[in-house]
Amino acid sequence: MGLLSLLLNDPVTFILLSIPLLYSIIFHELAHGWVAYKMGDPTAKLLGRLSLNPLKHLDPIGTLMLFVVGFGWAKPVPVNFGNLRGSRKGIVFVSAAGIAANTLLAFTAFLLNRLLSPPPAGVLAPLLYYMAQVNIMLAAFNLIPIPPLDGSKILLGVTSGAFQRFLVGLERYGFFIIIGLLYFGVLDPLIAFFRWVLLMLIRLLLP
């Protein structure tokens, strides 16, 4: 269900979901740019992308798709991998940064929910719930090793030769492959597995 349908049918849930979703996507992209900057690439900083301002990150088509069909995207943060110190390590760290950022946000939401005892009243409890669930799903989705998702970039940094060339060549078709696989539910078991792994990791780290 797209956010537009949710807005019409349940405005309160729309607000509680759209706020963490919006800033989780922004935080994901910001993490890519920040790690790239720390590893020697100033591209994102020079273009003003190291910002929490939504207008710096929102993609018009991706935002429209998010509202209409429930699947969307932000403008990818530009990274010049050639500027990174330790090229292979840099690719892995920058690519994993968005996933790590979403996992951290999910951990924070779970932790706050656990520390606030008795459970918080009003909108805070459902806001924390949606924040956790949205970020777990974003992290799990981005672990899929199909270009242009982060999982494929991580593979690019740890593989070489023919497989790297295969991933690079696949990127021009990756968006359509992902859409098709999502439509037919092929990716659902993989996303569920990654989600389970991330939840297990968070539960191990929670006090």
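When only Cα pairs below 8 angstrom with a gap of at least 6 residues are kept, the chain shows a relative contact order of 20 percent.
Relative to the longest principal axis of the Cα atoms of the chain, the long axis of helix 188-205 lies at roughly 70 degrees. Fewest neighbouring Cβ atoms within 10 Å first, the residues PHE141, PHE14, PHE166 line up as PHE166, PHE14, PHE141.
Where does helix 162-183 land angle-wise versus the long Cα axis of the chain, in degrees 0 to 90, nearest 10? Relative to the chain, helix 162-183 is tipped by roughly 30 degrees. Look at GLU171, GLU29 and count the other Cβ atoms within 10 Å of each Cβ; fewest to most, that gives GLU171, GLU29.
Kirkwood hydrodynamic radius of the stretch 3-205, from the reciprocal of the average inverse Cα-Cα distance over all distinct pairs: 17.9 Å. Please determine, in degrees from 0 to 90 and to the nearest 10, the orientation of helix 11-38 with respect to the longest principal axis defined by the Cα atoms of the chain, where the helix direction is its Cα long axis. Helix 11-38 sits roughly 30 degrees off the main axis of the chain. Model label points for LYS38 and LEU64, set 7 angstrom from Cα along the Cα-to-Cβ axis, are 3.7 nm apart.
None of the figures in this text is laboratory data; all of them are computed from the coordinates on show. Computed from a predicted structure; not experimentally measured. Positions of Cβ are backbone-derived with ideal geometry, glycine not excepted, and every protein chain shown enters the neighbour counts.
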